[in-house]
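The values are calculated or read from the model by the stated rules, or taken from the named source; none is laboratory data. The shown structure was predicted, so the numbers you read here are calculated from the model rather than taken from an experiment. Note that each Cβ is placed from the backbone with ideal geometry, even for glycine, and that neighbours are counted across all protein chains shown. The accessibility values were calculated without ligands, DNA or RNA, using every heavy atom of the protein model including side chains. Shrake-Rupley method; radii C 1.70, N 1.55, O 1.52, S 1.80 Å.
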Amino acid sequence: MQEWIQLLIDGITIGGVYAVIALGYTLVYGVLRMINFAHGELFMMGAFTGYYTLNGFEKHSSLNDSVPVLTIAIAIVLGMVVAVTLALVMERIAYRPLRRAPRLAPLISAIGVSILLRNIMLRATNAQGKVYPKVFPRTAVEIGEIRLLYVQIFLIVLSFVFLGLLYLFIQRTKAGVAIRAVAEDRDTASLMGINVDRTIMTTFAVGAALAGAAGVVYGMFVTTATSGMGFIPGIKAFTAAVLGGIGSVPGAMAGGYFLGISEAISTKFFGAQYKDVVAFVLLVAVLIFRPWGLFGKREDKRA
Amino acid sequence: MKGSGSLSSLRAALDPGRYWSRAGEQLQTTTSGAAVARFGQYAVLPLLAIAGGLGPSYFGIRWTFAILVIVMYALLRSRSGLFGMVVLGAMLVYLPHQMDTFERGIMFDIALYALLGIGLNVVVGYAGLLDLGYVAFFASGAYLYALISAPQFGGGFDVGTSFWIVLPMAMVLAALVGIALGVPVLRLRGDYLAIVTLGFGEIIRIMINNQDGVTNGPVGVFAIPKPHFGSTELSGPVELYFVVLAGCFVAAFAAERIRDSRVGRAWEAIREDEDVASSMGVNTTAYKLMAFAIGAAIGGGGGVIYSAKQSAVFPSDFNLDVSINVLALVIIGGMGNVRGVILGAMLLIGLPEVLRDFSINIAFIHLDNLGADYRLVIFGAALVAVMILRPEGLLPARRRQAQFEPADVLEPEVAT
Amino acid sequence: MSGEATSAVAPSASAGAPSAHLRLDGVVSGYGQIKAIKGISLHVETGEVVALIGANGAGKSTTLRTISGLLRPSAGEISFEGKRIDRVAAHDIVRMGISHAPEGRAIFGRLSVLENLRLGAYQRNARAEIEQDLERVLTLFPRLRERVKQDGGTLSGGEQQMLAIARALMARPRLLLLDEPSMGLSPVLVETIFRTVIEINRAGTTILLVEQNAAMALQVARRGYVLESGAVALEASAAELRASDLVRKTYLGEA
Ligand SMILES: Nc1ncnc2c1ncn2[C@@H]1O[C@H](COP(=O)(O)OP(=O)(O)OP(=O)(O)O)[C@@H](O)[C@H]1O
Ligand SMILES: [Mg+2]
């Protein structure tokens, strides 16, 4: 029983990360029908920003020890700022000129951006992973056999908070409704007076902010930032978005947790080395049998 | 449209599409006579090449390569298909004799990737199926040869001849893998297909990595024997380069023949609009699987040659980067067009290698070993730049500029 | 962002300003290489209902799409209340006072009816006024009131058409472009819709009406244009059009 609870907690931990990143995929896919292949790299850049910020505080002050809440908050905000800036630049330079290009062009361009960012960071860090300073005590809360790191609790809670905020943003704000309208029908949205270009930028920015924040927190959790760290979580998060029905915000959230928990449980049966295979098999199975997602309703394809 | 001679050839260089459309019509008449003539294009190349002596042996690799690319580009864009191919073939055959081992290695890589590109082009360019897991077929070919022939698995059978037996076997195996992977994804389109095939590629790699008992896991397979041709061992990069080059010619010839046949027209219909194609009675299932199978077979063949060249294979050789490189060269070169694939391979595989020890030292900017350290940075930026400047690729296929409009994505469900 | 230089023009004068409300002058527009309209000139005066009729593919919808900024004309001029609008982005044209209920309704199926209606008022900020207008359109279309919480996609065809018109009204337009509001509706509903169109017009909104149902359109409209293959073939008062041979044979189905 305790083992199962432990697996569940581990699954929720990583699932929250997937869910937060997945929102970026699902939102951008919604408005542009495009997989932003470089989205995982925004997460990675967030993690590096977190490292540089916290490391700066560590080197030049004792704030990490006295007010860790403040330094972590600053790191997260900076991670978001960096990711949003990058996302807006990539949208403007690499994607917007290709809105009317052949279908594969934006995808290749996104792959290019992904390779570019990964290798810039690889050079900038001389291929060395960056180890976060200890802002959280690496101790765990132990209940029976169940272990929960403090940073893990933080990560779980923060994921919930971000998901909640995003849900409110999409459902309740004018900008959120505009995003949903553009996702459904760009021309009609512009007839409503919605500035489509600006809405697309907002979409990128929102997705990037989430990815950047997730990067910082995830970096603290795994304690290292590397240039390749965005890739696998990126693909996983995309899988999560598909599991939930791409384009669907609640679906991406549910998909993230579902994938995280499935992976955690699968390690018990197949071992950790097959965790990625499990994710991909899930992805393939869902696309084949329920292409509208595990949680979505079937929708008849419109003519 | 007709101007003075030089003007119209200049126009041809600036606007290939217009000329290709004419050249395409001519080539469309695929009578058997024309077929023989076209096969001739490929068959006479080695002879002409050896006779032709334009070896710039004293230029060094960088200049040679630059000249090669420029000449290629001009020739491929111009109307003179036959002449261009002959000159190209001559250079491709002759040049390696003037090179050192490192440079020959580069030529081998270019040719190998061109071969893979020709295979993937069948899937992506002809049938319009976006495949990001092409490495799976390459890996299955490479491991098949490695496992059958390497001494650590009991020495396999007669190493002298096994290569030529394994090669077709690997192609058949890869084709079967292609069909096996193709069946479940038949209903998927566009980006979804891309991600699922990417997943397949990763699954195959992870399996190879983890099935230690069968594949020796991450440690890899060593001492893979070289092929023999008669009694000569094809051991050096030049010999194996010629094997790949021959493979390229055969694959290119076969691929273009198929494209111009009934099958090719079916692919074109599927690429344009699958629903329309199937409502017109095209058996889309069969033709899509055929594209997967043919593309996979070529990839598998490439894997066997790679395995023989490297003498050792590791699971990490078969990661997503291979798939992305091949796809990128197909698309940057110009999808649906074998000439574009060749150009793409030269630029994407050759250029970074040639630039490996290139340095920039301007004022306070010191970038040493630009090629070695920054090649992937440049590669990423180049992908973006080419897509923005020429989204159809450098050498778009004839009659194809206005195609694959963003029609076949699944309707997403929005925030319900 | 580009091409929005003339944005944010405040809705100054209310309906009732003199001189041509909307004017098209030799407008050429289409899709890529295809020229769907080839030099259309027409005008709509303040307070009028003007009908635009023509066969399938004549270019009626293209004309409306060009006016509302979804398409950019390759030649010609369009002005609205004296200001050039042919280079203004679609979302800024709404702000200037033109609202377009497009062909085929084009409601947001995954948004609720209420969200659809509020989107109509997207570029407006005065909350109280918006609530007032919401009340007004729900009174105009009582069937929508019962369904405000429902997803747009779950409405019937007729209800969707009502929603499309109501949504367009939420922008408080001074010019309303209606593209085939009667398409696919039962005769009773067509009647209702047209009665509402008249009501809207009486309340002070100028209307440019595209219709297949020429008989209905010419009852409601004061003037009309007949479009053929992307050009104006005939322009006259509604009564004259009803009497003309061309219209009677081709569009009213009389022998
Ligand atoms: N998106 C498009 N791309 C290319 N051509 C188009 C497009 N939309 C319309 N057309 C063409 O433009 C011409 C005019 O179309 P339009 O929709 O304006 O006709 P219409 O008068 O509204 O017809 P209907 O009464 O059937 O609605 C037609 O020949 C049509 O085929
Ligand atoms: Mg129409």
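Points to keep in mind about this one:
- Boolean, C:L246 is in contact with a helix residue (DSSP H, G or I) (Cβ under 7 Å, 6 or more places away or on another chain) and either open to solvent by 50 Å² or more (accessible area, probe 1.4 Å) or more than 16 Å from ligand 2 (Cβ to nearest atom) (or both): no
- The lone criterion from (1) touching a Ser or Thr at 6+ places or on another chain (Cβ under 9 Å); (2) touching a residue at least 60 places away in the same chain (Cβ under 8 Å) left unmet by A:S114 is number (1).
- Residue list for region A:187-198, restricted to those being assigned to a helix (DSSP H, G or I) and without any contact (Cβ under 8 Å) to a residue 60 or more places away in the chain: A:D187, A:T188, A:A189, A:S190, A:L191, A:V196, A:R198
- Residue pairs whose Cβ atoms lie under 6 Å apart, separated by 6 or more positions or on different chains, with the first residue in region B:89-111 and touching a residue at least 24 places away in the same chain (Cβ under 8 Å) and the second open to solvent by 30 Å² or more (accessible area, probe 1.4 Å) and not in a helix (DSSP H, G or I), are B:Q98/B:S57.
Condition check ((1) open to solvent by 40 Å² or more (accessible area, probe 1.4 Å); (2) of a type outside the set (D, E, K, R)) across all residues:
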{"residue": "A:E41", "(1), (2)": "no, no"}
{"residue": "A:N55", "(1), (2)": "no, yes"}
{"residue": "A:V84", "(1), (2)": "no, yes"}
{"residue": "A:R92", "(1), (2)": "yes, no"}
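- The number of residues in region C:143-196 being of a type outside the set (D, E, K, R), at pLDDT 90 or above and more than 30 Å from C:L22 (Cα to Cα) comes to 8.
- Of the residues examined, C:R72 is one that is over 14 Å from the mean Cα position of the chain (by Cα), within 28 Å of A:G30 (Cα to Cα) and either at the interface with chain A (Cβ under 10 Å from one of its Cβ atoms) or within 16 Å of ligand 1 (Cβ to nearest atom) (or both).
- Taking first residues from region C:22-43 that are more than 16 Å from C:G69 (Cβ to Cβ) and without any contact (Cβ under 8 Å) to a residue 24 or more places away in the chain and partners that are more than 16 Å from ligand 2 (Cβ to nearest atom) and among the basic types (K, R), the Cβ contacts under 6 Å between residues at least 6 apart in sequence or on separate chains come to C:H43/C:R23.
- Comparison of C:I98, C:I130 shows that the only residue that is more than 16 Å from ligand 1 (Cβ to nearest atom), within 14 Å of chain A (Cβ to nearest Cβ) and within 14 Å of C:L208 (Cα to Cα) is C:I98.
- Helices (runs of 4 or more DSSP H) contained entirely in region C:33-123, each with at least 3 residues that are within 12 Å of ligand 2 (Cβ to nearest atom) and either at pLDDT 95 or above or crowded, with 23+ Cβ neighbours inside 10 Å (or both): C:60-67
- Highlighted here are the helices (runs of 4 or more DSSP H) found entirely within region B:177-267 that include at least 3 residues which are within 30 Å of B:T284 (Cα to Cα): B:190-210, B:237-259.
- Filtering region C:204-217 to residues that are modelled with pLDDT of 90 or more and either more than 16 Å from ligand 1 (Cβ to nearest atom) or more than 25 Å from C:I98 (Cα to Cα) (or both) leaves C:G204, C:T205, C:T206, C:I207.
- Exclusive hit being open to solvent by 30 Å² or more (accessible area, probe 1.4 Å), in contact (Cβ under 8 Å) with a residue 24 or more places away in the chain and touching a Leu at 6+ places or on another chain (Cβ under 7 Å), set B:K288, B:K309: B:K309
- Residue within region C:141-152 that is within 30 Å of C:S244 (Cβ to Cβ), more than 16 Å from ligand 2 (Cβ to nearest atom), within 14 Å of another protein chain (Cβ to nearest Cβ) and in contact with a helix residue (DSSP H, G or I) (Cβ under 9 Å, 6 or more places away or on another chain) present: no
- C:L114 meets each of the listed conditions (1) within 16 Å of ligand 1 (Cβ to nearest atom); (2) within 21 Å of A:K174 (Cβ to Cβ); (3) without any contact (Cβ under 8 Å) to a residue 40 or more places away in the chain apart from (1).
- Which listed residue is away from every other protein chain (no Cβ under 14 Å), within 16 Å of ligand 2 (Cβ to nearest atom) and surrounded by fewer than 22 Cβ atoms within 10 Å (Cβ to Cβ), from C:S186, C:S229: C:S229
- Condition check for B:F229: touching a helix residue (DSSP H, G or I) at 6+ places or on another chain (Cβ under 9 Å) and surrounded by fewer than 19 Cβ atoms within 10 Å (Cβ to Cβ): yes
- Checking each residue in region B:175-194 for being of a type outside the set (A, V, I, L, M) and more than 9 Å from every other protein chain (Cβ to nearest Cβ) picks out B:G178, B:G182, B:R189.
- Some residue of region C:160-172 being farther than 16 Å from C:A106 by Cβ and within 12 Å of chain A (Cβ to nearest Cβ): yes
- Candidates are the residues of region B:98-133 that are within 14 Å of chain A (Cβ to nearest Cβ) and part of a loop (DSSP other than H, G, I, E, B); the one that is surrounded by the fewest Cβ atoms within 10 Å (Cβ to Cβ) is B:L130.
- Among the residues of region A:121-169, those that are in contact (Cβ under 8 Å) with a residue 40 or more places away in the chain, under 18 Å from A:T223 (Cα atoms) and either of a type in the set (V, I, T) or assigned to a strand (DSSP E or B) (or both) comprise A:T125, A:K130, A:V131, A:V135, A:R147, A:L148, A:L149, A:V151, A:I156.
- Meets criteria (touching a Lys or Arg at 6+ places or on another chain (Cβ under 9 Å), more than 14 Å from chain A (Cβ to nearest Cβ) and crowded, with 21+ Cβ neighbours inside 10 Å) for B:F253: no
- Hits in region C:20-69 - residues which are away from ligand 1 (no atom under 12 Å from the Cβ) and small (G, A, S): C:A20, C:G26, C:G39, C:S41, C:G47, C:A51, C:S68, C:G69
- Once region A:170-180 is narrowed to residues that are within 9 Å of chain B (Cβ to nearest Cβ) and among the aliphatic types (A, V, I, L, M), the residue that is surrounded by the most Cβ atoms within 10 Å (Cβ to Cβ) is A:I179.
- Exclusive hit being at the interface with chain B (Cβ under 7 Å from one of its Cβ atoms) and either open to solvent by less than 60 Å² (accessible area, probe 1.4 Å) or not small (G, A, S) (or both), set A:I76, A:I72, A:I108: A:I108
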